[in-house]
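Colleague: Below you'll find the structure I mean.
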Amino acid sequence: MSRKPRTPVNLLQIATRLAGVRSLWEPLVAYDPVSRYYARLAAEPHFEAWLLTWVPGQGTDWHDHGGSAGAFVTLRGTLTEQHARAHSAPTATIEPKARELGTGAVRSFGTRHLHKVTNYSLEPAVSLHVYSPALVEMNRYQPRGEELDLVQTQLVGVDW
């Protein structure tokens, strides 16, 4: 079965544009001390957008986006992104240098990007994420020294 070609989408431009529409995301900002809070902002034919909030100490596990490309904007606070260089599945190598992404910072990534995002600051953070195509699955990885091993595939509607 052949796949339809993907419609080109400028995710960084979409994320920046949505970030500028404060009336879209600001009323949805809420914080959950137990787990990261998230709300879907848009579900369009060629992309989807999510608002995420992070209290100090909250973060993701190592993960990829199941073949979706993405971009995100830090709307408030500071997030730290660690990333890994993908090899042939199911392994990757953790890059030693992390990126600090303060308010206004933007980040885009391709379909093979693996990362871990954490709020190490003392203040809550808010970010806006855009994916194309829409997320269908996410793969979770476990560190083994400087390497990452695939440990789980999570499916939309089943695992989240």
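The values are calculated or read from the model by the stated rules, or taken from the named source; none is laboratory data. Bear in mind the structure is a predicted one, so any value in this text is a computation, not a measurement. So basically every Cβ, Gly included, is an ideal-geometry build from the backbone, and we count neighbours across all protein chains shown.
Colleague: Trp50 - would you say it is buried (at least 17 other Cβ atoms within 10 Å of the Cβ), out of contact with any helix residue (DSSP H, G or I) (no Cβ under 9 Å at 6 or more places or on another chain) and not polar (S, T, N, Q)?
Modeller: In short, yes.
Colleague: Sticking with this structure for a sec: Does region 134-156 contain any residue that is closer than 24 Å to Glu44 by Cα, touching a helix residue (DSSP H, G or I) at 6+ places or on another chain (Cβ under 8 Å) and of a type in the set (Gly, Ala, Ser)?
Modeller: No, every residue in region 134-156 fails to be closer than 24 Å to Glu44 by Cα, touching a helix residue (DSSP H, G or I) at 6+ places or on another chain (Cβ under 8 Å) and of a type in the set (Gly, Ala, Ser).
Colleague: Next up: Considering only region 53-67, state which residues are among the hydrophobic types (A, V, I, L, M, F, W, C) and crowded, with 21+ Cβ neighbours inside 10 Å.
Modeller: Trp54, Trp62 - these are the residues of region 53-67 that are among the hydrophobic types (A, V, I, L, M, F, W, C) and crowded, with 21+ Cβ neighbours inside 10 Å.
Colleague: If you don't mind, there's one more thing I want to ask. When region 118-160 is examined, which residues are found to be assigned to a loop (DSSP other than H, G, I, E, B) and of a type in the set (A, V, I, L, M, F, W, C)?
Modeller: Leu122, Ala134, Leu135, Val136, Val156, Val158, Trp160
Colleague: Let me ask something additional. Kindly indicate the residue of region 1-15 that is over 15 Å from the mean Cα position of the chain (by Cα) and at pLDDT 95 or above and also farthest from Gly104 (Cα to Cα) among those meeting that condition.
Modeller: Asn10
Here is a yes/no grid of residues against (1) crowded, with 16+ Cβ neighbours inside 10 Å; (2) on the phi > 0 side of the Ramachandran plot; (3) among the acidic types (Asp, Glu):
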{"position": "Ala69", "(1), (2), (3)": "yes, no, no"}
{"position": "Gly77", "(1), (2), (3)": "yes, yes, no"}
{"position": "Ala84", "(1), (2), (3)": "yes, no, no"}
{"position": "His87", "(1), (2), (3)": "no, no, no"}
{"position": "Arg99", "(1), (2), (3)": "no, no, no"}
{"position": "Val136", "(1), (2), (3)": "no, no, no"}
{"position": "Gly145", "(1), (2), (3)": "no, yes, no"}
